[in-house]
Amino acid sequence: MPDLLTDSESGDVLLSARGISKSFPGVRALDNVQITVRRGRLNAVLGENGAGKSTLMNILAGVFPPDAGEILMKGRRQTFKRPHEAQQAGIAIIHQELNLLRELSVAENIFLGREPRTRLGLVNYSGMHRDAAALLAPLDLSVDPGTQVRKLRLGAQQVVEIAKALSLDARVLIMDEPTSALSDHEVEAIFRLIRQLKARGVGIIYITHKLDELPHIADDVTVLRDGKCVAAEPYGKRPHDELIRLMVGRELAELFPKSVAAIGEEVLRVANLSLRRSEHSADYTVCPTSLRVRQGEIVGLFGLMGAGRTELLQCIFGLHPRRSSGEIWIEGKRRSIRSPRQAIAAGLALAPEDRKVDGLVLAMSVAENIGLAAGATARGIGLADPRREGALARRYMNQLGIKTPTVAQPVRYLSGGNQQKVVLSKWLTIKPKVLLLDEPTRGIDVNAKREIYSLINELARGGLGVLMASSELPEILAIADRIVVLSEGRVAGEFSRDEASEEILLKAALPSGRPPARQAG
Ligand SMILES: Nc1ncnc2c1ncn2[C@@H]1O[C@H](COP(=O)(O)OP(=O)(O)OP(=O)(O)O)[C@@H](O)[C@H]1O
Ligand SMILES: [Mg+2]
């Protein structure tokens, strides 16, 4: 074990875990792992998808017990039987997959089970809303605490989850990929908050796949690989590429392997496609937009949060039939697309941003999920045959490196990044003509990202047209042939691969004069 943090008995260790092991059927998720959280310091936990990061956090937060090992706080051994016991010991966790109740309001979610009461014992809604607003303000989320959570976009939901953890006033705060769905602006607010919490002496464990976040917040770093701890040391001891090497266990080839495909005929044309705020509104979420994608072409859709990228993709995919209008042409033929079923039949596939809501059925197996989209198309009839379904799933499992003991494993038990790979596989099975991707590498580790980029490139070489929304500039610059920039629901610029740079794209994406659109939905 290289460079273990020395666990002095000094008062600055808030929590230390030693020799933690945990197995699930077919997987040794953690093998003799240690981690130390110190007062006022942030320990960044790194590792590939499936390395065991969330499992370790779940053990620290009392979600389930370890098979072996111990957790010490103030030198005393802790055995958490339930999350509530960890909470009482001062540990709060922001889970990777959001745990909010979608039908309840923001405030109700934050104070669930701990609602402030009036003297008569009734829930004190006004007090609760006031407290919720106070928690949300420093996080830069201007949303009415009475709003139902399901009406919030993903990033906003994540901020609510963070506010909920903060309301517990914990001494140890665990954040499992808290920024994966946030805009830069929100990330800045979270970083400010992290600095304040550290100054107050809170110890933080922070899981991320975005190494460029580390210089802003990290004090220590812990690297997991295949369930083992391969580094635990102060941050800054080695450069990032060395940390990556530790994560993946070998030298990583170039992150962005762009191979240019031959560009063919137009495969998708969108003409004056628009989305109104509501059925009878004259106000647009997406103003009439026209764009086209050719065979073999990867078109990037860039924009700031709220620019309308997700909504535009959803309109193309027939998800808003009542509020959208405009024309969609596939391979030169006008198609009426008023439902996802029609979209799939026309040759479209959409891998959505929020895999938990639109992408996956968590209780179903990897194979069933991968077979799901194919089952919905005429071409896919016959795929319900479990043997063929299994064979198909195994092919994608190997190709994308989906980490699971078998394809019969319920998707619920896969790590976050591996769930994302299942979503992609599912849409690839229907062999679409145009693949619509919304933030395809959210929560994906560096190595798997690379695999996904190569896969997208390979598909493009095979003649597929790709329209990919991404908020990651390096990603979009590296793999798109052409980039369309949206700002406040309109096309604000279009750039070829050679013209585009981070600066040019950002400039085009910034709203003109007005402050950035901050919508809840
Ligand atoms: N409840 C469970 N039942 C079975 N296997 C599980 C369960 N929870 C996790 N696993 C498996 O344990 C391993 C570690 O998963 P974990 O979620 O801890 O990974 P992670 O490092 O958080 O990955 P990611 O970056 O993708 O979130 C994976 O192989 C995962 O499939
Ligand atoms: Mg995880």
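The values are calculated or read from the model by the stated rules, or taken from the named source; none is laboratory data. Computed from a predicted model, the values in this text were never measured in an experiment. No Cβ is skipped: glycine too gets one built from the backbone with ideal geometry, and neighbour counts run over all protein chains shown.
Quick rundown of the values:
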{"quantity": "Subset tally (residues that are assigned to a strand (DSSP E or B) and either crowded, with 23+ Cβ neighbours inside 10 Å or free of Cβ contacts under 8 Å to residues at least 40 places away in the same chain (or both)) for the stretch 442-486", "calculated": "9"}
{"quantity": "Qualifying residue in the stretch 462-478 (condition: at pLDDT 90 or above and among the β-branched types (Val, Ile, Thr))", "calculated": "yes"}
{"quantity": "Exclusive hit being outside the structural domain of residue 24 (by TED's automatic domain parsing) and on the phi > 0 side of the Ramachandran plot, set 443, 462, 416", "calculated": "443"}
{"quantity": "Flag for residue 61 being within 16 Å of ligand 2 (Cβ to nearest atom) and at negative phi", "calculated": "yes"}
{"quantity": "Single match in 328, 337 (criterion: within 23 Å of residue 480 (Cβ to Cβ), in the same structural domain as residue 456 (by TED's automatic domain parsing) and surrounded by 22 or more Cβ atoms within 10 Å (Cβ to Cβ))", "calculated": "328"}
{"quantity": "Subset of the stretch 181-217 that is small (Gly, Ala, Ser) and crowded, with 21+ Cβ neighbours inside 10 Å - its residue that is nearest to the chain's Cα centre (by Cα)", "calculated": "181"}
{"quantity": "Neighbours by Cβ (under 6 Å, 6+ apart or cross-chain): first from the stretch 45-60, in contact (Cβ under 8 Å) with a residue 12 or more places away in the chain and farther than 21 Å from residue 234 by Cβ; second basic (Lys, Arg) and near ligand 1 (Cβ under 6 Å from one of its atoms)", "calculated": "50/403"}
{"quantity": "Residues satisfying the stated conditions in the stretch 167-177, i.e. modelled with pLDDT of 85 or more and either within 9 Å of the chain's Cα centre (by Cα) or on the phi > 0 side of the Ramachandran plot (or both)", "calculated": "177"}
{"quantity": "Looking only at the stretch 36-65, and only at residues there that are of a type in the set (Val, Ile, Thr) and more than 13 Å from ligand 1 (Cβ to nearest atom), the one that is surrounded by the most Cβ atoms within 10 Å (Cβ to Cβ)", "calculated": "37"}
